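Read through the structure below, which is laid out as structure tokens, and then see the notes.
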Amino acid sequence: MIRKSVLLLAAIFLLNIQNFAQTNCDSLFMNAIHIQQIKQYEVAISKYSAYMQVCTSYMSEAYLNRGFCYYTIGQKKKASEDFKSAFEVSEDKSTTMNGFAGFFLHKEAYDTLFNICKSLVSIDSANSDAYFYMARCKWLARLKILKLNNVDDYATDTALQSHLKDEIMFYYDKAIYLDSIKNWELYTSRPDSIAWSDENSHCDYYVSRAFFEQNFLNDRDAGNALKDFETAMMIHPTIEEYEYAAYVARYLGQNEKACKYIQQWAIMTPFPPNNDLNSNPFKKKEIADKFCKEMASN
């Protein structure tokens, strides 16, 4: 009985040490985040570095945040090394990928993000998110140039026509292909109620490719865009998908389908609600009815 009591006390003592260590690590991590948020980046770097020496949890997040600090103060090589490390140790690579992708997209650092994704593909060639962001980077970088030059007809852009359109489509196609290998059976077999509530699917792959395709205003690209919007609706329906699908279908002369989609748009409410047109059911109903009436009269 005495031996059992001693063993129990030892186990409790060890558990308390572990709990204290975890609490201490959590405190160190939150302190580093706070210092980063008040833009003391050099201090935050030292805090994250110290954290990594003694703690094992949140390692991916620590590398990611330290990388953001390095990047912000201009040490881009060290930032790139940290982003690579964050991805390597991550237990949820998609979340990690979206973390630094959101950072660089916000900063419009498209070339930087593209190169990071290209590097990550060499580590994980089946990472669909990396290919998706490579496509986004190439298109957004070119779109920025087109807007600066006041080019509205993207079909006339020589870079897009000579090679860039095909390159962007290659990355989108690769992302969708890799995602389909993993998830297509799931997407096509589950009930609609699950699709409506699924926030983690890759319907954005199809939506983004559809937006890219519809820029070229020809029947082939518009037809492909409509298929992509419809696939996105199957995977995870959103109010925007129905709206854009309606206008693409009308462009293609598929009036019955266009009316069906715009009427579905009219009865949907965004979540969370906002103050734009999508949250005004009465105005939307009026627009949808007019939309269908105009097509019927043509």
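The values are calculated or read from the model by the stated rules, or taken from the named source; none is laboratory data. These figures come from a predicted structure and were not determined experimentally. Methodologically, a virtual Cβ is constructed for each residue, glycine included, from the backbone with ideal geometry; neighbour enumeration extends over all protein chains shown.
Out of (1) of a type in the set (A, V, I, L, M); (2) within 19 Å of Arg209 (Cα to Cα); (3) loosely packed, with under 12 Cβ neighbours inside 10 Å; (4) modelled with pLDDT under 95, what's the single condition that is false for Ala155?
That leaves (3) as the condition not met.
Return yes or no: is Asn218 over 21 Å from Met134 (Cβ atoms) and in contact (Cβ under 8 Å) with a residue 40 or more places away in the chain?
So Asn218 fits the description; yes.
From Ala130, Ala126, Ala159, Ala141, grab the single residue that is touching a Phe, Trp or Tyr at 6+ places or on another chain (Cβ under 6 Å) and at negative phi.
Ala141
Only residues in the range 24-42 that are closer than 16 Å to Met59 by Cβ count as the first member; pair them with residues that are surrounded by fewer than 18 Cβ atoms within 10 Å (Cβ to Cβ) and polar (S, T, N, Q), Cβ under 7 angstrom, at least 6 apart or cross-chain, and list the lot.
Going by the 7 Å Cβ cut-off, the qualifying pairs are Cys25/Ser57.
For residues that are among the basic types (Lys, Arg) and out of contact with any helix residue (DSSP H, G or I) (no Cβ under 8 Å at 6 or more places or on another chain), tally how many sit in the range 99-119.
So the count comes out to 1.
Identify the residue in the range 258-296 that is aromatic (Phe, Trp, Tyr) and buried (at least 16 other Cβ atoms within 10 Å of the Cβ) and, among all such residues, is modelled with the highest pLDDT.
Only one residue tops the list, namely Tyr261.
Determine which member of the set Leu178, Leu164, Leu140, Leu146 is over 18 Å from the mean Cα position of the chain (by Cα), among the aliphatic types (A, V, I, L, M) and modelled with pLDDT of 95 or more.
Within the list Leu178, Leu164, Leu140, Leu146, the selection yields Leu164.
Out of all the residues in the range 238-257, is one or more touching a helix residue (DSSP H, G or I) at 6+ places or on another chain (Cβ under 9 Å), surrounded by fewer than 15 Cβ atoms within 10 Å (Cβ to Cβ) and assigned to a helix (DSSP H, G or I)?
Yes; the residues of the range 238-257 include at least one that is touching a helix residue (DSSP H, G or I) at 6+ places or on another chain (Cβ under 9 Å), surrounded by fewer than 15 Cβ atoms within 10 Å (Cβ to Cβ) and assigned to a helix (DSSP H, G or I).
Count, please, the residues in the range 54-105 that happen to be under 20 Å from Arg136 (Cβ atoms), without any contact (Cβ under 8 Å) to a residue 24 or more places away in the chain and among the basic types (Lys, Arg).
Residues in the range 54-105 being under 20 Å from Arg136 (Cβ atoms), without any contact (Cβ under 8 Å) to a residue 24 or more places away in the chain and among the basic types (Lys, Arg): 0 in total.
Take Ala130 and tell me if it is buried (at least 17 other Cβ atoms within 10 Å of the Cβ) and closer than 21 Å to Asp179 by Cβ.
yes
Can you pull out the residues in the range 43-53 that are of a type outside the set (Lys, Arg) and either touching a helix residue (DSSP H, G or I) at 6+ places or on another chain (Cβ under 7 Å) or surrounded by 12 or more Cβ atoms within 10 Å (Cβ to Cβ) (or both)?
Val43, Ala44, Ile45, Ser46, Tyr48, Ser49, Ala50, Tyr51, Met52
Residues in the range 170-190: is at least one assigned to a helix (DSSP H, G or I), among the polar types (S, T, N, Q) and in contact (Cβ under 8 Å) with a residue 60 or more places away in the chain?
no
Tell me, which helices (runs of 4 or more DSSP H) lie completely within the range 1-113 with 3 or more residues that are at pLDDT 90 or above, basic (Lys, Arg) and in contact with a strand residue (DSSP E or B) (Cβ under 9 Å, 6 or more places away or on another chain)?
none
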